[in-house]
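S.K.: So that we are looking at the same thing, I have put the structure below in structure tokens.
The values are calculated or read from the model by the stated rules, or taken from the named source; none is laboratory data. Everything quoted here is computed from the prediction, not taken from an experiment. Positions of Cβ are backbone-derived with ideal geometry, glycine not excepted, and every protein chain shown enters the neighbour counts.
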Amino acid sequence: MSAQIELPYGDESVTVSVPEEKLIGVFEPRALPPVCDPAAALREALANPVSAPQLRDKAQGAASAAIVVEDVSRAVPCGLLLDAVMEELLAAGLSPARTKVIVATGLHRDLTEGELKDTLGRWAGKLHIENHDAQDSNRLTPLGTTSLGTSISINRTFMEADLKVLTGDVEYHQFCGYSGGAKCVYPGLADAEAIRANHSRMDLRGTGPGRLDGNPVREEVDEVGAMAGVDYNLSVAMDAGHRIVGACAGDATESFRAACRFIDEMYLVNLPRRADLVIASPGGHPKDLDLYQSQKAIEEASLVVTPGGDVLVTARCEEGSGSKLFEEWMDEAFTPEDIIQRIRDNFAMGGHKAYQIAREVLRASIHLYSELPPGRVRAWMMNPIRSLDQLDELIDSAASVIVLPQATLTCTRLPE
């Protein structure tokens with residue numbers, strides 16, 4: 001008997017067949033019931049904030065406001081979050097003309113005009129919205145130096161606002177512990193050099209998904225949020241279907257941590273042991289939009305495979321690699337060790353993704369089922385899979401199999 005397992009793939013899915021005697025398990029998020037009325041849940045969160053007054057009270061007397069939203073790499077219902085926040089600001093007497101929306105792009109691509117309109121929802125044409133530009137010093141304000149020694153500047157529009165509000169979702173992050181909260185400010189609204197410094201610390205002791213206390217990267221992120229004077233935060237936790245299961249508002253740190261507890265309840269998964277083959281999907285669109293995003297699933301799978309085993313990731317990657325510098329580093333390297341040495345000599349964004357792939361290639365053989373050209377996949381030190389027959393061959397050759405259909409969301413723990 002074989003188990004038929006469906007894996008998200010872009011907006012579609014791929015089905016793999018795994019003999020039950022080989023299958024250690026399919027480890028998926030635990031279901032929490034989605035809220036019946038998302039808009040009402042957001043209003044409820046703002047009416048009952050965590051360690052803070054209501055936003056409408058906090059906004060009293062403010063001459064201007066800046067609301068930060070996530071970019072398109074995360075399936076966040078920005079329009080709903082904006083509706084909830086704007087209701088509070090309007091109740092405090094802040095007009096749309098005095099409110100600006102900033103997309104926390106970090107070093108990701110800008111949102112297109114159409115995407116900006118979709119982000120604003122019914123506020124399109126009523127609210128000013130801008131993509132953050134980490135490279136333009138004229139649009140940045142020096143903030144200071146963190147306890148880790150990072151000299152940092154932050155988006156000028158954000159810093160000049162009387163009231164600073166963050167919105168977004170919370171999910172596991174490879175080295176920051178969790179996305180969301182003050183991460184919207186740093187690296188989301190920071191200068192390029194500071195963003196590179198943030199990512200260069202990905203291997204510091206204490207970093208990793210699901211880690212907050214004692215995580216030096218997360219601690220610096222929260223420190224920057226305090227330095228920037230963040231006034232409020234609205235975080236949502238979502239299930240694999242991008243449905244809101246919980247919302248928390250209030251103090252930037254405490255409301256963010258409250259939302260993290262929803263994530264742990266759903267996505268923290270204990271595995272009994274490693275497997276010779278780990279099959280994983282980032283979770284479909286937009287988490288497999290490009291290799292830059294899909295790498296998160298590759299890493300999660302490589303952490304639980306038997307050393308020297310096989311990792312198979314199904315990721316459409318319809319927008320390619322997601323980073324020209326990643327491609328350059330991979331194309332110029334002869335071995336994974338070349339890339340690891342290069343990142344140690346000179347950290348660079350995009351190059352850090354090449355480093356992560358190189359690190360994972362040293363743990364296991366990485367196989368990628370995608371729309372990327374096979375020659376490119378091979379040049380990037382991975383094995384292209386172009387057919388379901390090839391998938392079956394990998395499964396046939398494995399003694400044990402673990403499947404992670406939502407690997408980007410899942411945080412695995414082993415007994416060791």
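S.K.: Restricting the search to the stretch 291-310, which residues are on the phi < 0 side of the Ramachandran plot and more than 21 Å from the chain's Cα centre (by Cα)? Step through it out loud before you land on a result.
M.R.: Taking the stretch 291-310 first, the residues on the phi < 0 side of the Ramachandran plot are 291-307, 309-310.
Hits for the stretch 291-310 are 305, 306, 307, 309, 310.
S.K.: Sort through 252, 192 and tell me the only one that's buried (at least 23 other Cβ atoms within 10 Å of the Cβ) and in contact with a Leu (Cβ under 9 Å, 6 or more places away or on another chain).
M.R.: Working: 192 fails: buried (at least 23 other Cβ atoms within 10 Å of the Cβ).
Only one candidate qualifies: 252.
S.K.: Now for a different question. Does the stretch 184-195 hold any residues that are touching a helix residue (DSSP H, G or I) at 6+ places or on another chain (Cβ under 8 Å) and either outside the structural domain of residue 256 (by TED's automatic domain parsing) or not in a loop (DSSP other than H, G, I, E, B) (or both), and which are they?
M.R.: To start, the set of residues in the stretch 184-195 that are touching a helix residue (DSSP H, G or I) at 6+ places or on another chain (Cβ under 8 Å) comprises 185-187, 189-191.
Once the filter is applied, which keeps residues that are touching a helix residue (DSSP H, G or I) at 6+ places or on another chain (Cβ under 8 Å) and either outside the structural domain of residue 256 (by TED's automatic domain parsing) or not in a loop (DSSP other than H, G, I, E, B) (or both), the stretch 184-195 yields only 190.
S.K.: Moving on. Quick one: in the stretch 107-117, of everything that is touching a residue at least 40 places away in the same chain (Cβ under 8 Å) and under 16 Å from residue 76 (Cα atoms), which residue is surrounded by the fewest Cβ atoms within 10 Å (Cβ to Cβ)? Explain how you work it out, then say what you get.
M.R.: Here is the first cut: in the stretch 107-117, the ones touching a residue at least 40 places away in the same chain (Cβ under 8 Å) are 107, 111, 115.
Narrowing the set further to residues that are under 16 Å from residue 76 (Cα atoms) leaves 111, 115.
On the way: 111: 19, 115: 16.
By that ranking, first place goes to 115.
S.K.: Please enumerate the residues belonging to the stretch 206-236 that are within 22 Å of residue 295 (Cα to Cα) and of a type in the set (Gly, Ala, Ser).
M.R.: 206, 208, 210
S.K.: Only one of 377, 401 is over 25 Å from the mean Cα position of the chain (by Cα), at pLDDT 95 or above and not small (Gly, Ala, Ser). Can you tell me which?
M.R.: Numbers: 377 fails: over 25 Å from the mean Cα position of the chain (by Cα).
None of the other options fit; the residue is 401.
S.K.: Moving to a separate point now. For residues that are touching a Leu at 6+ places or on another chain (Cβ under 7 Å) and more than 19 Å from residue 160 (Cα to Cα), scanning just the stretch 202-234, find the one that is surrounded by the most Cβ atoms within 10 Å (Cβ to Cβ).
M.R.: The residue in question is 234.
S.K.: Same structure, new question: Inside the stretch 22-52, can you point out the residues that are closer than 30 Å to residue 393 by Cα and part of a strand (DSSP E or B)?
M.R.: 23, 24, 25, 26
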